[in-house]
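Read-outs: derived from the displayed coordinates by stated rules, not from any lab. Since we're looking at a predicted model, the values are computed, not measured. Glycine also receives a Cβ, built like all others from the backbone with ideal geometry; neighbour counts cover every protein chain displayed.
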Amino acid sequence: MTRLSIALAVLVLLMHAGCARFERQSADQFIKPLGGASNAQLFRGTPNERFLCIETAKSVAEKGHAREAILLYEKAEQLDPGAELLDLELAPLYAQIGQMEKAITRYQRVITKGSADASAYNDLAWVLIDFERLVTASEVIKRGLSKYPEDERLRSAHACIFYELGNREQAFDLFAELYGPAIAHHNIAILDLDNGKMEQALLQLSVAAEIPDCPEETIELRNSISSDLARADQPDEPYRR
């Protein structure tokens, strides 16, 4: 059995045995002392089971095990229904495994409570974009920008939404305002590529390459796409016996 299989088996067992028991057996793997303090200094007595579930979930999520982390966070919520919900912890994990509706519900609850920072608006918008709910994503971004008008991620996401809604010029203008014209053309090209528009992407990159201080990555990407298109235009060689 591989280490990963063993780890997953232990996590499944945890759901039945309880987080406190798991923590006592495997504390060194998951809980890191703060500032080098001893356990006696950190806790006046035994940490409660909900706290241990949350701390374990964080470590499990950092190792890339989204489903197992979700089980632990959900277990923590069940242990103390009166405590604050773990919406911001669970929302990105749900999105990571494709449970978009659950992710959206969690993010929306954070925003409704008025405790959302710019990241929450941005992350919800991208979940909605991935779910092809562009109009709703645009509304979320606008709400976020009303609170955080200078946030770069929100403004960049807004540009992407404009593009996906067919407003290339507005998308370009927003990118140019944020990063300058060369990178704006580059970003539009990336969106073109994502939508299968290679020739339009090449045109954007070629324009960008003529602008002073154009990033080297833009020129490299232009050359790569140009080569790919040239090879695609070449007829196949006839079969020879």
Checklist outcome for this item: Between the alpha carbon centres of region 63-128 and region 185-210 the gap in Å comes to 35 Å
Next on the checklist: Given an 8 Å cut-off on Cα distances and at least 6 residues of separation, report the relative contact order of region 165-224 as a percent.
Outcome noted: 28 percent
Checklist entry - Within a Cβ distance under 10 Å of Lys75, other residues only, what is the Lys/Arg minus Asp/Glu net charge? => result -2
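Please compute the net charge surrounding Leu174, taking Lys and Arg as +1 and Asp and Glu as -1 over other residues with Cβ under 12 Å from its Cβ.
Numbers: positive: Arg155, Arg168; negative: Glu152, Glu169, Asp173, Glu177.
In short, -2.
Please order Val207, Val140, Val60 by the number of other Cβ within 10 Å, starting at the fewest.
Details: Val207 19, Val140 29, Val60 25.
Ascending number of Cβ neighbours within 10 Å: Val207, Val60, Val140.
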Checklist entry - So for Leu174, Leu72, Leu88, fewest C-beta neighbours within 10 Å to most, what's the order? => result Leu88, Leu174, Leu72
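Can you tell me the length gained on complete extension of the stretch Lys147 to Tyr179, counting 0.36 nm per residue apart and subtracting the Cα distance? Please report the intermediate quantities before stating the final value.
Numbers: separation 32, 0.36 × 32 = 11.52 nm, distance 2.16 nm.
Separation in residues times 0.36 nm, less the Cα-Cα distance, equals 9.4 nm.
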Checklist outcome for this item: Computed curve, region 102-193, Cα-only Debye sum without solvent term, log₁₀ I(q)/I(0) at 0.12, 0.13, 0.20 Å⁻¹, is -0.35, -0.41, -0.90
